[in-house]
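Bear in mind that the values in this text are calculations on the coordinates, not laboratory data. Predicted model, so just to flag it, every value in this text is computed and none were measured.
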C-alpha cells in the first residue's frame, strides 16, 4: 500500500497491522480508534487527520507529517518518531 491516497477517507476503527504505508497520504482523514500496530509509515502525510484514540504502537513514523493532526488519546508507545513534523 505504498504511496496510497487515503485523503479524507473514513477509517474509523480500521486495522493496519504490519502494513507498509510508506509515503501514504491521510490528509484530513477520519481515523478515530484505528490501529496501526507495527505499521511502516515513513514519510506519511497525516496533516489535519483526526486520530483521536488511534494506536500507532510500534509503528515507524519516521519523517511523517502530523501538522495540525488531532492526537488526543493517541497511543504512540514504542513508535519511531524520528524527524516527525508538527508533533
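Things to note:
- Calculated diffusion of the chain, Stokes-Einstein form, Kirkwood radius summed over Cα pairs, 25 °C and 0.890 mPa s, µm²/s: 206
- Segment residue 73..residue 20, full-extension length gain: 16.7 nm, with 0.36 nm per residue of separation and the alpha-carbon distance subtracted.
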